[in-house]
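The values are calculated or read from the model by the stated rules, or taken from the named source; none is laboratory data. Since the model is a prediction, treat every value here as computed from it, not as a measurement. FYI the Cβ positions are ideal-geometry reconstructions off the backbone, even for glycines, and counts take in every protein chain you see. For accessibility, only protein heavy atoms count, side chains too; no ligands or nucleic acids. Shrake-Rupley method; radii C 1.70, N 1.55, O 1.52, S 1.80 Å.
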Amino acid sequence: MTSRIVAAVLAAPLAILTLVGCTGEPAPAPAPTSTVTTPQASFDGEWTLTRTITASNDVSGETRAVGAVSTRLVLLDQTPCDAVICPGMVWSGTTADAREQTPLTQIDGGVSWRFTGSLDCMRAESEAVLVLDAFDYSQEVELLVTESADVDGVLTATGLSGSIVYTDTLSKEAIAKGCVRDPVETTIEYSVTAVRNTEGL
C-alpha cells in the first residue's frame, strides 16, 4: 500500500517542511468479537464519504482544522462466505484512479478498516527528503448502516455514518536528524457520512 499525505511542519531554524506519505502496509483486519445472527445489509459497491473534522491538534493548515470538510471515493467489497459476517477489502482515495487498499472487517451493523504506514519529512521549498520514514501514522474507520432498502430482493445499505481517527507521530530518530514539529503527535477526529454511488444499482 502506498499513501500520499501532505501536512505542514516546522524545522529549526526557520525552515518549512512538508510530510509526504511513504510506503506502508495494510493493517491486519481484527477478528469479530461477537456472534451475529441477524441479517446484515449488503454494503458492496462504490460510496462517497464526506468527512468533517470535529477535533484536531494539527495546526499545519486549514484542511486539518476543526470544521474542515473533505471527501473520499471508497469501494467496499465483501467476500462471500457461509457466515453472517464475512471479510472483505476496501479501496479508498480522493479519486477512483488513485486508491489504497486494506482488509475490511464487517461488524454487527456495519464495517471497519484501518490504514497504517510511514511519512517522510521533506523540505517544502525544494521537496527534498530530509528524513525518510520520519512519522508513523494510522487511520481507524468505523461506519454503521443508517439507511437500507430492498434492491432486487437483497437488503442493501444506502447510507452509512460513523467516525475516523487519524494519528501520526514524529520519531525520536527523525527529531535527532533535524525534523521538528510541535506537537510531536497529532490526532484528528472526523465525523463521517457516506452515500452509495447508485449507478449500477
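Here the range 75-108 is the region considered, the condition is being small (Gly, Ala, Ser) and open to solvent by 30 Å² or more (accessible area, probe 1.4 Å), and the residue that is farthest from Val141 (Cα to Cα) is Ala83.
Could you tell me whether Glu127 is part of a strand (DSSP E or B) and farther than 18 Å from Arg72 by Cα? No; evaluated as a whole, the condition is false for this residue.
Mind checking which residues of the range 20-59 are out of contact with any Ser or Thr (no Cβ under 7 Å at 6 or more places or on another chain) and either outside any loop (DSSP other than H, G, I, E, B) or modelled with pLDDT of 85 or more (or both)? If the condition is that a residue be out of contact with any Ser or Thr (no Cβ under 7 Å at 6 or more places or on another chain) and either outside any loop (DSSP other than H, G, I, E, B) or modelled with pLDDT of 85 or more (or both), then Val20, Gln40, Phe43, Asp44, Gly45, Glu46, Trp47, Ile53, Ala55, Ser56, Val59 are the ones that fit. Given Val141, Val145, Val180, Val195, which one is of a type outside the set (Asp, Glu), in a strand (DSSP E or B) and under 23 Å from Asn57 (Cα atoms)? Result of the check over Val141, Val145, Val180, Val195: Val141. Just one of (1) open to solvent by 70 Å² or more (accessible area, probe 1.4 Å); (2) touching a strand residue (DSSP E or B) at 6+ places or on another chain (Cβ under 9 Å) fails for Asp152. It is (2).
Of the numbered criteria (1) exposed (fewer than 15 other Cβ atoms within 10 Å of the Cβ); (2) touching a Gly at 6+ places or on another chain (Cβ under 7 Å), the one Arg72 fails is (1). Out of all the residues in the range 146-174, which are among the hydroxyl-bearing types (Ser, Thr, Tyr) and either within 20 Å of Ile188 (Cβ to Cβ) or within 14 Å of the chain's Cα centre (by Cα) (or both)? Across the range 146-174, the qualifying residues are Ser161, Ser163, Tyr166, Thr167, Thr169, Ser171.
Name the single residue that is nearest to Asp120 (Cα to Cα) among those in the range 183-192 being open to solvent by 30 Å² or more (accessible area, probe 1.4 Å) and part of a strand (DSSP E or B). Among those residues, the one meeting the criterion is Glu185.
Looking only at the range 165-180, decide whether some residue is touching a Lys or Arg at 6+ places or on another chain (Cβ under 9 Å) and open to solvent by 40 Å² or more (accessible area, probe 1.4 Å). There is at least one residue in the range 165-180 that is touching a Lys or Arg at 6+ places or on another chain (Cβ under 9 Å) and open to solvent by 40 Å² or more (accessible area, probe 1.4 Å). Checking each residue in the range 120-145 for being open to solvent by 50 Å² or more (accessible area, probe 1.4 Å), under 20 Å from the mean Cα position of the chain (by Cα) and either under 23 Å from Ala176 (Cα atoms) or hydroxyl-bearing (Ser, Thr, Tyr) (or both) picks out Asp133, Asp136.
For Ser112, the conditions (1) polar (S, T, N, Q); (2) farther than 16 Å from Val141 by Cβ; (3) at pLDDT 95 or above; (4) in contact with a Gly (Cβ under 9 Å, 6 or more places away or on another chain) all hold with the exception of (2).
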